Structures are given as C-alpha cells and as structure tokens.
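The values are calculated or read from the model by the stated rules, or taken from the named source; none is laboratory data. Please read all numbers here as calculations on a predicted model, not as lab measurements. Ideal geometry is used to build each Cβ from the backbone, glycine not excepted, and the neighbour counts take in all protein chains shown. With ligands, DNA and RNA removed, areas are computed over all heavy atoms of the protein, side chains included. Shrake-Rupley method; radii C 1.70, N 1.55, O 1.52, S 1.80 Å.
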Amino acid sequence: MTDRRTFPHGRPSSMPVRRRPQLLLLLTAAFVAGTALLPPGVVAAAPLRADVLGGGVTIVPGRSGLVEISGYRGAALPAGSALRLTAPAGARVTGTPLADTARFEGSVTADGASGTYTYVRDSGAGSWKDSGYPFALTVDERAVPGTRLPGCVAVLTDAGGVRRATGGCTVTVGMPVPTLGEPAGGTFVSGAARIAGTSYPGARVSVMDAAEGKVCGGVTRADGTWSCTPSSPLPSGANRLHASAAFNGVSAVGEDVDFTVTARTA
C-alpha cells in the first residue's frame, strides 16, 4: 500500500535533502571579502614553500667564505620579514655583509650558530627575490677536505613569524693550497735538486713545470710535509714550478716559484 501522508513540517531527517549550491557560493564570497579586508601591510597566508631556498660554497679549513641564499619566488613580503641561516656542523656564521645597506638589518648569535637578515624598508620590487643574500661562514680548522658539512638550514618568515619558505645550503670543505718552499724563489740550484713543501696530510702532490708537465710527485706525510726529486734533471737556466694537491675529491694549486738551475747532474 502506498503511503500518501503529507508532512507539513518538512520531510523526516531520514529522507534525502537536496543541498543548495547558493550556500557554497555565499561562503566563498565571504572568504574572498574577508581576505580583501586584511589590514594594510599584512600578507594573506600562503602555502609553505619547502626546500626552495639554497646556496653552496667551498671553504678551506680555518678560513671564511660567503654562501648566498636565494630561490624564493613567492609573494612579496613586507618590512619585518626575516631570513635566518643556521650554520652547519663544523662551521659558524660570522657575518651578514648585506646589513650595511639601507634595506636590511643583520644579526649573528654570540656563538655563531645562526645569522639573520630582517627586511626593514619596502621596495617596489618586493623583498627576498634578489639574486642572493650572503652569509659569512667560517669552517673549523679541523674539518676534513672533501667532506660536506651537514645541518645547514635556511628559513624565511613573514612579519608575523610564519614560515614562508625553507631550504638549506651545501658547504664543502675545500683543499688548502699547497706550498713549494724548496727551492725558494729567486735562488740558484742544481738541476736534480730536491723539491719540497707543505700540504694537507695524506694529499697527493704533483710538481708541475711552466708547460704543465709533471716533474715529480709524492704523498704528504702526517706532519704536513712532502718532498720529491725530479726523475730527469731540470733544464739549465730559468725555471718555474708549482705544486698541486688532491685529496678526497677536492684539489688546489699553489703559487708559481721561479728559480735558476745552474748545472745539470746525471
């Protein structure tokens, strides 16, 4: 038998109800209107851009270098936004060179664990979209050449402290420049004289002439010294040599040394 009863107060809750699309449109319009009514200088929240910031640098143990952080392509952030770099293990932040300009303030923690740029003056182009923001890093003198220091983190926040972009930096420990101290520059030596200098312990050193021909080579000892003797006597007259050193995938070339060979020895 068919139920033909009427329901003056509407259908029971168990019966399907057709939802009105107008409600969704009203909610969307209210959200857009609310965004438009944000106070001046306040940027609407945007999705976090992860792993977009980056930079790389190679620094010799005990020395300093600049790593430039870049990569942000999001909305322009107003004054009060900040970029913080946390130094990797085995290094410390020692400076924020861009702080000398009128647009940025810079600070470094007392222990060098991190450095921060704060944007203090708006520009028509918007902040944080330039080619790079430099941080000075100093690598520990005990760092091993060829290794990459872990733990570098870059974070960009808006004026309210909300993260807008993150990333990091690649810091590779470079190879110290080898020295060639024997023979000394400007001296007169025999053509088969011993050649010696200093380099990183364990580094393989090659002595090259002015034409980039290898004269001799050897491995640096634990005390940081190396030496070798040419397999063939050097030619009489003016000579120019330099040492190159390689270790763990990185290398460095030393300065040229000029000297004079007075005689050949068999």
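Before moving on, here are some points about what is shown:
- Accessible-area order (highest first, 1.4 angstrom probe) of the listed residues LYS129, LYS214: LYS214, LYS129
- Sorting THR172, THR198 on solvent-accessible area from highest to lowest, probe radius 1.4 Å, gives THR198, THR172.
- Taking all protein chains as they are arranged and a probe of 1.4 Å, the heavy atoms of ASP209 leave approximately 50 Å² accessible to solvent.
- Net length gained if the chain between THR229 and THR94 were fully extended (0.36 nm per residue, minus Cα distance): 44.3 nm
- Nearest-10 value in Å² for the accessible area of GLU212, using the 1.4 Å probe: 110
- Cα-based shape type of the range 46-135, given that a ≥ b ≥ c are square roots of the gyration tensor eigenvalues and the cut on a/c is 1.5: prolate
- Calculated over the range 183-242, the projected area of the Cα convex hull averaged across directions stands at 3.9 nm².
- Full extension of the chain between THR166 and THR147 yields a length gain of 4.5 nm, computed as 0.36 nm times the residue separation minus the alpha carbon distance.
- Between ARG204 and ASP140, the FRET efficiency from the beta-carbon distance, with R0 = 22 Å, is close to 0.40.
- Part-to-part distance (alpha-carbon centres) for the range 194-260 and the range 63-117, which is given in Å: 39
- FRET efficiency for GLU105 and LEU48, using Cβ-Cβ distance with R0 set to 25 Å, rounded to 0.05: 0.55
- Stretched out straight at 0.36 nm per residue, the stretch from ARG121 to ALA79 would grow longer than its current Cα-Cα span by 14.6 nm.
- When all protein chains stay in place and ligands, DNA and RNA are ignored, the 1.4 Å accessible-area order of VAL189, VAL67, VAL52, largest first, is VAL52, VAL189, VAL67.
- Phi angles across the range 113-118 convert, under the Karplus curve 6.51 cos²θ - 1.76 cosθ + 1.60 with θ = phi - 60°, into 3J(HN,Hα) values of 5, 7, x, 9, 9, 10 Hz, Gly and Pro given as x.
- At an R0 of 41 angstrom, the distance between the Cβ atoms of ASN248 and ASP130 translates into a FRET efficiency of 0.75.
- Solvent exposure of the range 45-150 amounts to 50 Å² per residue of accessible area, where only protein heavy atoms count and the probe is 1.4 Å.
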